[in-house]
1. Would you be able to say whether some residue in the stretch 386-409 is touching a His at 6+ places or on another chain (Cβ under 7 Å), open to solvent by 50 Å² or more (accessible area, probe 1.4 Å), farther than 18 Å from TYR325 by Cα and in contact (Cβ under 8 Å) with a residue 40 or more places away in the chain?
2. Where residues in the stretch 259-279 are open to solvent by 20 Å² or more (accessible area, probe 1.4 Å) and at pLDDT 95 or above, which of them is nearest to VAL249 (Cα to Cα)?
3. Filter the stretch 158-179 for residues that are surrounded by 12 or more Cβ atoms within 10 Å (Cβ to Cβ), touching a residue at least 12 places away in the same chain (Cβ under 8 Å) and acidic (Asp, Glu) and give the result.
4. Among the residues of the stretch 195-216, which ones are open to solvent by 50 Å² or more (accessible area, probe 1.4 Å) and either away from ligand 2 (no atom under 15 Å from the Cβ) or in a strand (DSSP E or B) (or both)?
5. I'm trying to understand the selection: among the residues of the stretch 213-228, which are without any contact (Cβ under 8 Å) to a residue 60 or more places away in the chain and either within 12 Å of ligand 1 (Cβ to nearest atom) or not charged (D, E, K, R) (or both)?
6. Would you pick out the residues in the stretch 217-255 that are within 16 Å of ligand 2 (Cβ to nearest atom), open to solvent by 60 Å² or more (accessible area, probe 1.4 Å) and farther than 21 Å from ASP282 by Cβ?
7. Kindly provide the set of residues from the stretch 135-162 that are closer than 11 Å to SER66 by Cβ, assigned to a loop (DSSP other than H, G, I, E, B) and hydrophobic (A, V, I, L, M, F, W, C), ordered by number.
Amino acid sequence: MLIDVMLQPKPSCADDSEPDVLSVADARQHILSEITPITAAEKLALRTTLGRVLAGDVISPLNVPSHTNSAMDGYALQATDLISGITQFECIGTAYAGKPFKTKNQAQQCVRIMTGAPMPAGTDTVIMQEQAEILSDGKIHINGEHCAGQNVRQAGEDIPVGSVVMEGGRQILPADLGVLASLGISELHVRRRPRVAFFSTGDELRAIGETLGEGEIYDSNRYSLYGMLTRLDVELLDLGVIPDQPGAVREAFLMAANMADVVITSGGVSVGEADYIKPVLDELGQIKFWKIAMKPGRPLTFGHLGDSLFFGLPGNPVAVMVTFYQFVQPAIRYLASGQHHLPLTLHASCSHALHKRPGRTEFLRGLLHQTEQAELQVAVTGHQGSGILSSMSRANCFIVLPENCGDVEAGNMVPVQPFACFV
Ligand code: AMP
Ligand code: MG
(Lines give C-alpha, C1' and ligand atoms only; values in the text may rest on other atoms or scores of the structure.)
(Ligands and ions follow the chains in the order given, each with its own letter.)
Protein backbone atom coordinates (compact mmCIF):
# COMPACT_ATOMS: atom_id res chain seq x y z
CA MET A 1 0.00 0.00 0.00
CA LEU A 2 1.26 3.50 -0.79
CA ILE A 3 1.53 5.94 2.07
CA ASP A 4 1.15 9.44 0.73
CA VAL A 5 3.61 11.13 3.10
CA MET A 6 6.17 13.73 2.09
CA LEU A 7 9.64 13.30 3.52
CA GLN A 8 9.96 14.79 6.97
CA PRO A 9 13.18 16.43 8.14
CA LYS A 10 14.97 14.74 11.01
CA PRO A 11 15.76 16.90 14.07
CA SER A 12 18.84 19.05 13.54
CA CYS A 13 20.78 17.29 16.34
CA ALA A 14 21.15 14.37 13.93
CA ASP A 15 22.55 16.70 11.30
CA ASP A 16 26.17 16.02 10.31
CA SER A 17 26.65 19.15 8.18
CA GLU A 18 29.97 20.98 8.51
CA PRO A 19 30.38 24.77 8.53
CA ASP A 20 32.73 24.84 5.50
CA VAL A 21 30.46 22.65 3.38
CA LEU A 22 28.30 24.23 0.66
CA SER A 23 24.76 23.09 -0.13
CA VAL A 24 23.98 21.97 -3.70
CA ALA A 25 21.75 25.02 -4.25
CA ASP A 26 24.36 27.48 -2.90
CA ALA A 27 27.12 25.95 -5.02
CA ARG A 28 24.93 26.16 -8.15
CA GLN A 29 24.00 29.76 -7.35
CA HIS A 30 27.61 30.70 -6.80
CA ILE A 31 28.63 29.13 -10.11
CA LEU A 32 25.87 30.91 -12.05
CA SER A 33 26.79 34.26 -10.48
CA GLU A 34 30.32 33.92 -11.93
CA ILE A 35 29.17 33.41 -15.54
CA THR A 36 28.78 36.05 -18.24
CA PRO A 37 26.56 34.65 -21.01
CA ILE A 38 27.93 34.55 -24.57
CA THR A 39 26.58 37.35 -26.76
CA ALA A 40 28.51 36.78 -30.03
CA ALA A 41 26.12 35.70 -32.76
CA GLU A 42 26.12 34.14 -36.21
CA LYS A 43 23.52 34.05 -38.98
CA LEU A 44 22.29 30.60 -40.01
CA ALA A 45 19.74 29.04 -42.36
CA LEU A 46 16.51 28.24 -40.48
CA ARG A 47 16.82 24.43 -40.38
CA THR A 48 20.35 24.54 -39.00
CA THR A 49 19.21 26.60 -36.00
CA LEU A 50 17.46 23.63 -34.33
CA GLY A 51 18.77 23.41 -30.75
CA ARG A 52 20.62 26.72 -31.05
CA VAL A 53 19.99 29.82 -28.90
CA LEU A 54 18.24 32.80 -30.44
CA ALA A 55 20.48 35.90 -30.30
CA GLY A 56 17.71 38.53 -30.15
CA ASP A 57 13.91 38.88 -30.17
CA VAL A 58 12.09 37.84 -33.36
CA ILE A 59 9.46 40.40 -34.40
CA SER A 60 6.70 39.11 -36.65
CA PRO A 61 6.87 40.62 -40.17
CA LEU A 62 3.27 39.52 -40.86
CA ASN A 63 -0.01 38.31 -39.45
CA VAL A 64 -0.46 34.57 -38.88
CA PRO A 65 -2.84 33.59 -40.34
CA SER A 66 -2.25 36.20 -42.99
CA HIS A 67 -5.96 36.39 -43.93
CA THR A 68 -9.24 35.67 -42.17
CA ASN A 69 -10.14 32.16 -43.31
CA SER A 70 -12.43 29.21 -42.79
CA ALA A 71 -11.61 26.58 -40.14
CA MET A 72 -14.01 24.07 -41.75
CA ASP A 73 -15.32 22.75 -45.05
CA GLY A 74 -18.83 24.23 -45.27
CA TYR A 75 -20.75 27.36 -46.26
CA ALA A 76 -19.75 30.97 -45.58
CA LEU A 77 -22.53 33.50 -45.03
CA GLN A 78 -23.40 36.58 -42.98
CA ALA A 79 -24.55 35.94 -39.41
CA THR A 80 -27.20 38.71 -39.60
CA ASP A 81 -29.17 36.48 -42.03
CA LEU A 82 -29.25 33.65 -39.49
CA ILE A 83 -30.22 36.06 -36.70
CA SER A 84 -33.17 37.29 -38.76
CA GLY A 85 -34.35 33.65 -39.18
CA ILE A 86 -33.29 32.90 -42.76
CA THR A 87 -32.54 29.17 -43.27
CA GLN A 88 -32.30 28.88 -47.07
CA PHE A 89 -29.47 30.41 -49.11
CA GLU A 90 -28.50 30.73 -52.73
CA CYS A 91 -24.97 29.33 -53.27
CA ILE A 92 -23.03 31.74 -55.53
CA GLY A 93 -19.77 29.77 -55.93
CA THR A 94 -16.87 28.07 -54.17
CA ALA A 95 -13.88 29.51 -52.26
CA TYR A 96 -10.76 27.28 -52.19
CA ALA A 97 -7.60 27.57 -50.07
CA GLY A 98 -5.14 29.68 -52.03
CA LYS A 99 -7.86 30.82 -54.46
CA PRO A 100 -9.86 33.70 -52.99
CA PHE A 101 -13.48 34.03 -54.12
CA LYS A 102 -13.85 37.52 -55.57
CA THR A 103 -17.63 38.13 -55.73
CA LYS A 104 -19.18 39.95 -52.76
CA ASN A 105 -21.74 37.85 -50.91
CA GLN A 106 -25.15 39.51 -50.49
CA ALA A 107 -28.02 38.86 -48.05
CA GLN A 108 -29.54 35.35 -48.36
CA GLN A 109 -26.51 34.16 -50.31
CA CYS A 110 -23.73 31.82 -49.25
CA VAL A 111 -20.42 30.59 -50.66
CA ARG A 112 -19.29 26.96 -50.56
CA ILE A 113 -15.94 27.21 -48.71
CA MET A 114 -13.00 24.88 -48.06
CA THR A 115 -10.78 24.84 -44.96
CA GLY A 116 -8.12 27.56 -45.16
CA ALA A 117 -9.89 29.53 -47.93
CA PRO A 118 -10.03 33.29 -47.30
CA MET A 119 -13.50 34.43 -46.14
CA PRO A 120 -15.28 36.05 -49.13
CA ALA A 121 -16.31 39.68 -48.77
CA GLY A 122 -19.75 39.90 -47.16
CA THR A 123 -19.32 36.73 -45.03
CA ASP A 124 -18.34 36.38 -41.39
CA THR A 125 -19.56 32.93 -40.33
CA VAL A 126 -19.05 29.34 -41.56
CA ILE A 127 -21.64 26.56 -41.25
CA MET A 128 -19.98 23.13 -41.29
CA GLN A 129 -21.13 21.03 -44.24
CA GLU A 130 -22.67 18.38 -41.95
CA GLN A 131 -25.23 21.01 -40.84
CA ALA A 132 -26.24 21.98 -44.39
CA GLU A 133 -28.22 20.15 -47.07
CA ILE A 134 -28.59 20.84 -50.77
CA LEU A 135 -32.30 21.12 -51.68
CA SER A 136 -33.76 19.92 -55.00
CA ASP A 137 -33.85 23.54 -56.30
CA GLY A 138 -30.10 23.87 -55.56
CA LYS A 139 -30.60 26.10 -52.50
CA ILE A 140 -28.69 25.39 -49.30
CA HIS A 141 -30.76 24.67 -46.17
CA ILE A 142 -29.05 25.34 -42.85
CA ASN A 143 -29.91 23.15 -39.82
CA GLY A 144 -29.12 23.58 -36.13
CA GLU A 145 -28.05 26.49 -33.93
CA HIS A 146 -25.14 28.76 -34.78
CA CYS A 147 -23.09 31.62 -33.40
CA ALA A 148 -21.97 34.70 -35.29
CA GLY A 149 -18.30 34.34 -36.35
CA GLN A 150 -18.12 30.58 -35.74
CA ASN A 151 -15.56 28.39 -37.56
CA VAL A 152 -13.60 31.43 -38.73
CA ARG A 153 -9.89 32.01 -38.03
CA GLN A 154 -9.18 35.74 -37.81
CA ALA A 155 -6.11 37.25 -39.51
CA GLY A 156 -3.35 37.61 -36.89
CA GLU A 157 -5.19 35.58 -34.23
CA ASP A 158 -2.15 33.33 -33.81
CA ILE A 159 0.60 35.95 -34.25
CA PRO A 160 -0.18 39.64 -34.90
CA VAL A 161 2.21 41.56 -37.18
CA GLY A 162 4.82 43.53 -35.14
CA SER A 163 4.52 41.32 -32.05
CA VAL A 164 7.48 39.59 -30.32
CA VAL A 165 7.19 35.96 -31.41
CA MET A 166 10.23 34.62 -29.58
CA GLU A 167 12.57 36.24 -27.11
CA GLY A 168 16.37 36.25 -27.33
CA GLY A 169 17.95 33.47 -25.25
CA ARG A 170 15.34 30.90 -26.27
CA GLN A 171 16.52 27.52 -27.50
CA ILE A 172 15.00 26.74 -30.90
CA LEU A 173 12.70 23.69 -30.74
CA PRO A 174 10.91 21.83 -33.57
CA ALA A 175 7.67 23.84 -33.19
CA ASP A 176 9.72 27.06 -33.35
CA LEU A 177 11.07 26.07 -36.78
CA GLY A 178 7.46 25.73 -37.95
CA VAL A 179 6.39 29.06 -36.44
CA LEU A 180 9.39 30.87 -37.97
CA ALA A 181 8.71 29.26 -41.35
CA SER A 182 5.07 30.43 -41.11
CA LEU A 183 6.50 33.96 -40.85
CA GLY A 184 8.60 33.47 -43.97
CA ILE A 185 11.85 33.75 -41.98
CA SER A 186 14.64 31.88 -43.78
CA GLU A 187 17.67 32.91 -41.68
CA LEU A 188 18.19 33.61 -37.99
CA HIS A 189 20.79 35.16 -35.72
CA VAL A 190 21.82 32.61 -33.10
CA ARG A 191 24.45 32.82 -30.38
CA ARG A 192 27.80 31.22 -30.85
CA ARG A 193 27.97 27.75 -29.28
CA PRO A 194 30.09 27.41 -26.13
CA ARG A 195 33.41 25.62 -26.75
CA VAL A 196 34.02 22.96 -24.13
CA ALA A 197 37.34 21.16 -23.61
CA PHE A 198 37.41 18.06 -21.45
CA PHE A 199 39.94 15.53 -20.32
CA SER A 200 40.55 12.81 -17.76
CA THR A 201 43.40 12.69 -15.28
CA GLY A 202 44.93 9.59 -13.78
CA ASP A 203 47.94 7.32 -14.30
CA GLU A 204 45.69 4.25 -14.07
CA LEU A 205 43.58 5.22 -17.09
CA ARG A 206 43.90 3.60 -20.50
CA ALA A 207 42.07 4.54 -23.67
CA ILE A 208 39.77 1.90 -25.15
CA GLY A 209 41.68 -0.14 -27.71
CA GLU A 210 44.75 -0.33 -25.43
CA THR A 211 45.59 -3.43 -23.38
CA LEU A 212 45.07 -3.06 -19.64
CA GLY A 213 48.10 -3.56 -17.40
CA GLU A 214 47.84 -4.57 -13.75
CA GLY A 215 45.74 -2.09 -11.76
CA GLU A 216 44.76 -0.15 -14.87
CA ILE A 217 41.21 0.67 -15.96
CA TYR A 218 39.60 2.01 -19.07
CA ASP A 219 38.78 5.72 -19.09
CA SER A 220 34.97 5.79 -19.04
CA ASN A 221 34.43 9.37 -17.84
CA ARG A 222 35.37 10.92 -21.17
CA TYR A 223 32.67 8.83 -22.80
CA SER A 224 29.84 9.72 -20.42
CA LEU A 225 31.01 13.36 -20.57
CA TYR A 226 31.05 13.18 -24.36
CA GLY A 227 27.44 11.89 -24.31
CA MET A 228 26.16 14.54 -21.90
CA LEU A 229 28.00 17.36 -23.69
CA THR A 230 26.83 16.25 -27.13
CA ARG A 231 23.23 16.50 -25.95
CA LEU A 232 23.95 20.11 -24.92
CA ASP A 233 24.82 21.32 -28.40
CA VAL A 234 28.31 22.64 -27.68
CA GLU A 235 31.58 22.54 -29.65
CA LEU A 236 33.61 19.71 -28.15
CA LEU A 237 37.35 19.45 -27.70
CA ASP A 238 38.35 16.02 -26.35
CA LEU A 239 41.87 16.38 -24.94
CA GLY A 240 42.28 12.73 -23.91
CA VAL A 241 43.90 11.43 -20.73
CA ILE A 242 46.48 13.50 -18.84
CA PRO A 243 48.90 11.59 -16.59
CA ASP A 244 49.27 12.53 -12.90
CA GLN A 245 52.31 14.76 -13.50
CA PRO A 246 52.36 18.48 -12.65
CA GLY A 247 54.02 19.48 -15.95
CA ALA A 248 51.51 17.54 -18.06
CA VAL A 249 48.59 18.90 -16.07
CA ARG A 250 49.86 22.50 -16.34
CA GLU A 251 50.33 22.14 -20.10
CA ALA A 252 46.89 20.59 -20.58
CA PHE A 253 45.17 23.27 -18.48
CA LEU A 254 46.84 26.09 -20.41
CA MET A 255 46.04 24.60 -23.80
CA ALA A 256 42.42 23.94 -22.82
CA ALA A 257 41.94 27.43 -21.39
CA ASN A 258 43.30 28.94 -24.62
CA MET A 259 40.84 27.07 -26.78
CA ALA A 260 37.66 26.78 -24.76
CA ASP A 261 34.99 28.73 -22.87
CA VAL A 262 34.66 25.84 -20.42
CA VAL A 263 37.30 23.35 -19.26
CA ILE A 264 36.14 20.14 -17.58
CA THR A 265 38.41 17.59 -15.96
CA SER A 266 37.59 14.48 -13.99
CA GLY A 267 39.66 12.86 -11.27
CA GLY A 268 42.45 14.13 -9.07
CA VAL A 269 40.41 16.45 -6.86
CA SER A 270 39.90 14.12 -3.89
CA VAL A 271 41.37 15.35 -0.64
CA GLY A 272 44.87 14.03 0.02
CA GLU A 273 45.66 12.68 -3.43
CA ALA A 274 47.44 14.27 -6.35
CA ASP A 275 48.08 17.38 -4.27
CA TYR A 276 49.96 18.99 -7.13
CA ILE A 277 46.69 19.78 -8.95
CA LYS A 278 45.80 22.42 -6.38
CA PRO A 279 49.11 24.36 -6.68
CA VAL A 280 48.95 24.15 -10.48
CA LEU A 281 45.41 25.53 -10.49
CA ASP A 282 46.26 28.21 -7.90
CA GLU A 283 49.17 29.29 -10.08
CA LEU A 284 47.13 29.41 -13.30
CA GLY A 285 43.76 30.78 -12.20
CA GLN A 286 41.26 31.61 -9.48
CA ILE A 287 39.98 28.22 -8.44
CA LYS A 288 37.96 27.20 -5.40
CA PHE A 289 38.06 23.73 -3.91
CA TRP A 290 34.65 23.03 -2.45
CA LYS A 291 33.23 20.35 -0.26
CA ILE A 292 29.61 20.03 -1.25
CA ALA A 293 26.99 18.55 1.05
CA MET A 294 26.03 15.89 -1.45
CA LYS A 295 26.52 12.22 -2.20
CA PRO A 296 28.05 11.34 -4.55
CA GLY A 297 30.14 14.31 -5.69
CA ARG A 298 31.44 15.83 -2.48
CA PRO A 299 34.69 17.35 -3.79
CA LEU A 300 34.19 19.87 -6.58
CA THR A 301 36.60 22.38 -8.00
CA PHE A 302 35.29 25.44 -9.77
CA GLY A 303 36.69 28.76 -10.92
CA HIS A 304 38.33 30.69 -13.74
CA LEU A 305 41.30 29.58 -15.79
CA GLY A 306 42.19 32.63 -17.89
CA ASP A 307 38.95 33.58 -19.63
CA SER A 308 37.53 30.06 -19.25
CA LEU A 309 35.30 28.54 -16.62
CA PHE A 310 36.92 25.54 -14.96
CA PHE A 311 35.17 22.50 -13.48
CA GLY A 312 37.26 19.85 -11.76
CA LEU A 313 34.82 16.97 -11.29
CA PRO A 314 35.48 14.00 -9.01
CA GLY A 315 36.94 10.87 -10.63
CA ASN A 316 34.30 8.34 -9.67
CA PRO A 317 32.15 7.69 -12.74
CA VAL A 318 28.75 8.20 -11.07
CA ALA A 319 29.95 11.32 -9.27
CA VAL A 320 31.04 12.74 -12.64
CA MET A 321 27.53 12.35 -14.04
CA VAL A 322 25.76 13.64 -10.92
CA THR A 323 27.95 16.74 -10.63
CA PHE A 324 27.73 17.35 -14.37
CA TYR A 325 23.91 17.34 -14.33
CA GLN A 326 23.64 19.39 -11.14
CA PHE A 327 26.35 22.02 -11.81
CA VAL A 328 28.01 21.87 -15.23
CA GLN A 329 24.87 21.50 -17.34
CA PRO A 330 23.05 24.50 -15.78
CA ALA A 331 26.29 26.50 -16.07
CA ILE A 332 26.73 25.71 -19.78
CA ARG A 333 23.05 26.40 -20.44
CA TYR A 334 23.37 29.76 -18.70
CA LEU A 335 26.57 30.57 -20.58
CA ALA A 336 24.87 29.72 -23.89
CA SER A 337 21.54 31.45 -23.27
CA GLY A 338 21.51 33.61 -20.14
CA GLN A 339 18.64 31.40 -18.93
CA HIS A 340 18.49 29.14 -15.91
CA HIS A 341 15.76 26.65 -15.08
CA LEU A 342 15.94 24.15 -12.25
CA PRO A 343 15.53 20.55 -13.42
CA LEU A 344 11.91 19.36 -13.49
CA THR A 345 11.19 17.56 -10.22
CA LEU A 346 8.30 15.10 -9.81
CA HIS A 347 7.25 13.17 -6.74
CA ALA A 348 7.00 9.39 -6.77
CA SER A 349 6.22 6.74 -4.21
CA CYS A 350 9.40 4.93 -3.18
CA SER A 351 8.96 1.15 -3.50
CA HIS A 352 11.24 0.34 -0.56
CA ALA A 353 12.89 1.81 2.51
CA LEU A 354 16.09 3.85 2.08
CA HIS A 355 18.73 4.67 4.65
CA LYS A 356 19.70 8.34 4.59
CA ARG A 357 21.86 10.48 6.86
CA PRO A 358 20.59 14.06 7.27
CA GLY A 359 23.09 16.79 6.38
CA ARG A 360 23.69 16.15 2.67
CA THR A 361 21.65 15.83 -0.50
CA GLU A 362 21.76 12.30 -1.88
CA PHE A 363 21.33 11.54 -5.57
CA LEU A 364 20.32 7.90 -5.93
CA ARG A 365 19.84 6.30 -9.30
CA GLY A 366 16.20 5.32 -9.74
CA LEU A 367 13.88 3.57 -12.12
CA LEU A 368 10.66 5.55 -12.37
CA HIS A 369 7.52 4.00 -13.75
CA GLN A 370 3.80 4.66 -13.83
CA THR A 371 1.49 2.00 -12.33
CA GLU A 372 -1.80 0.93 -13.93
CA GLN A 373 -3.47 3.26 -11.41
CA ALA A 374 -1.42 6.11 -12.97
CA GLU A 375 0.72 6.54 -9.84
CA LEU A 376 4.44 7.28 -10.14
CA GLN A 377 6.63 4.72 -8.40
CA VAL A 378 10.39 4.64 -8.11
CA ALA A 379 12.95 2.05 -7.00
CA VAL A 380 16.74 2.31 -6.79
CA THR A 381 18.76 0.50 -9.45
CA GLY A 382 20.80 -1.81 -7.27
CA HIS A 383 24.04 -0.99 -5.48
CA GLN A 384 24.58 2.76 -5.22
CA GLY A 385 28.36 3.14 -4.85
CA SER A 386 29.77 6.18 -6.65
CA GLY A 387 31.87 3.92 -8.89
CA ILE A 388 28.96 1.68 -9.94
CA LEU A 389 28.22 3.23 -13.33
CA SER A 390 25.82 0.42 -14.27
CA SER A 391 23.44 1.80 -11.59
CA MET A 392 23.33 4.97 -13.70
CA SER A 393 22.96 3.16 -16.98
CA ARG A 394 19.96 1.14 -15.68
CA ALA A 395 18.31 4.27 -14.23
CA ASN A 396 15.95 6.77 -15.83
CA CYS A 397 15.94 9.33 -12.99
CA PHE A 398 17.72 10.60 -9.91
CA ILE A 399 15.96 10.11 -6.59
CA VAL A 400 16.91 13.34 -4.83
CA LEU A 401 16.83 13.00 -1.06
CA PRO A 402 17.05 16.55 0.32
CA GLU A 403 19.78 17.65 2.71
CA ASN A 404 17.60 17.67 5.81
CA CYS A 405 15.74 14.41 5.26
CA GLY A 406 16.51 11.18 7.09
CA ASP A 407 15.49 7.58 6.44
CA VAL A 408 12.75 6.94 3.90
CA GLU A 409 10.06 4.34 4.50
CA ALA A 410 8.52 2.24 1.76
CA GLY A 411 5.61 4.19 0.28
CA ASN A 412 6.98 7.64 1.17
CA MET A 413 6.86 10.20 -1.62
CA VAL A 414 10.34 11.17 -2.79
CA PRO A 415 11.48 13.87 -5.25
CA VAL A 416 12.77 12.53 -8.59
CA GLN A 417 14.49 14.25 -11.52
CA PRO A 418 13.79 12.33 -14.77
CA PHE A 419 16.90 12.08 -16.95
CA ALA A 420 14.73 12.90 -19.98
CA CYS A 421 14.55 16.47 -18.63
CA PHE A 422 18.34 16.84 -18.74
CA VAL A 423 18.44 16.23 -22.49
P1 AMP B 1 40.29 10.29 -8.23
O2 AMP B 1 39.29 11.37 -8.00
O3 AMP B 1 41.28 10.62 -9.28
O4 AMP B 1 40.90 9.83 -6.96
O5 AMP B 1 39.45 9.04 -8.79
C6 AMP B 1 38.48 8.41 -8.00
C7 AMP B 1 38.14 7.06 -8.60
O8 AMP B 1 37.60 7.23 -9.89
C9 AMP B 1 39.32 6.15 -8.77
O10 AMP B 1 38.91 4.82 -8.50
C11 AMP B 1 39.70 6.32 -10.21
O12 AMP B 1 40.38 5.19 -10.74
C13 AMP B 1 38.36 6.48 -10.87
N14 AMP B 1 38.47 7.26 -12.07
C15 AMP B 1 39.09 8.46 -12.18
N16 AMP B 1 39.02 8.90 -13.46
C17 AMP B 1 38.35 7.95 -14.16
C18 AMP B 1 37.97 7.84 -15.52
N19 AMP B 1 38.26 8.78 -16.40
N20 AMP B 1 37.26 6.73 -15.89
C21 AMP B 1 36.96 5.77 -14.99
N22 AMP B 1 37.28 5.85 -13.69
C23 AMP B 1 37.99 6.90 -13.27
MG1 MG C 1 43.11 10.00 -9.84
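1. Narrowing the stretch 386-409 to residues touching a His at 6+ places or on another chain (Cβ under 7 Å): 391, 407.
Those still in the list that are open to solvent by 50 Å² or more (accessible area, probe 1.4 Å) too: 407.
So of that shortlist, the ones also farther than 18 Å from TYR325 by Cα come out as 407.
Then drop every residue that is not in contact (Cβ under 8 Å) with a residue 40 or more places away in the chain, which leaves 407.
Yes, some residue in the stretch 386-409 is touching a His at 6+ places or on another chain (Cβ under 7 Å), open to solvent by 50 Å² or more (accessible area, probe 1.4 Å), farther than 18 Å from TYR325 by Cα and in contact (Cβ under 8 Å) with a residue 40 or more places away in the chain.
2. Within the stretch 259-279, the first condition is being open to solvent by 20 Å² or more (accessible area, probe 1.4 Å), and the residues that meet it are 259, 261, 270-276, 278-279.
Of the ones still in play, those that are also at pLDDT 95 or above are 259, 261.
On the way: MET259: 16, ASP261: 18 Å.
Within the stretch 259-279, the match that is nearest to VAL249 (Cα to Cα) is MET259.
3. Within the stretch 158-179, ASP158 is the sole residue that qualifies.
4. Taking the stretch 195-216 and keeping what is open to solvent by 50 Å² or more (accessible area, probe 1.4 Å), we get 195, 203-204, 206, 208-212, 214-215.
Passing the criteria: ARG195, ARG206, ILE208, GLY209, GLU210, THR211, LEU212, GLU214.
5. Taking the stretch 213-228 and keeping what is without any contact (Cβ under 8 Å) to a residue 60 or more places away in the chain, we get 213-219, 222-223, 226-227.
Within the stretch 213-228, GLY213, GLY215, GLU216, ILE217, TYR218, ASP219, ARG222, TYR223, TYR226, GLY227 qualify.
6. The answer is ILE217, TYR218.
7. ALA155, VAL161
Residues checked against (1) free of Cβ contacts under 8 Å to residues at least 60 places away in the same chain; (2) surrounded by 19 or more Cβ atoms within 10 Å (Cβ to Cβ); (3) more than 33 Å from the chain's Cα centre (by Cα):
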position	(1), (2), (3)
LEU44	no, no, no
LEU50	no, no, no
GLY56	no, no, no
ILE59	no, no, no
VAL64	no, yes, no
SER70	no, yes, yes
TYR75	no, yes, yes
ALA79	no, no, yes
ILE83	no, no, yes
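The values are calculated or read from the model by the stated rules, or taken from the named source; none is laboratory data. Predicted model only: the values in this text are computed from it and were never measured. Ideal geometry is used to build each Cβ from the backbone, glycine not excepted, and the neighbour counts take in all protein chains shown. Side chains are part of the model used for accessible areas, which takes the heavy atoms of the whole protein and leaves out ligands, DNA and RNA. Shrake-Rupley method; radii C 1.70, N 1.55, O 1.52, S 1.80 Å.
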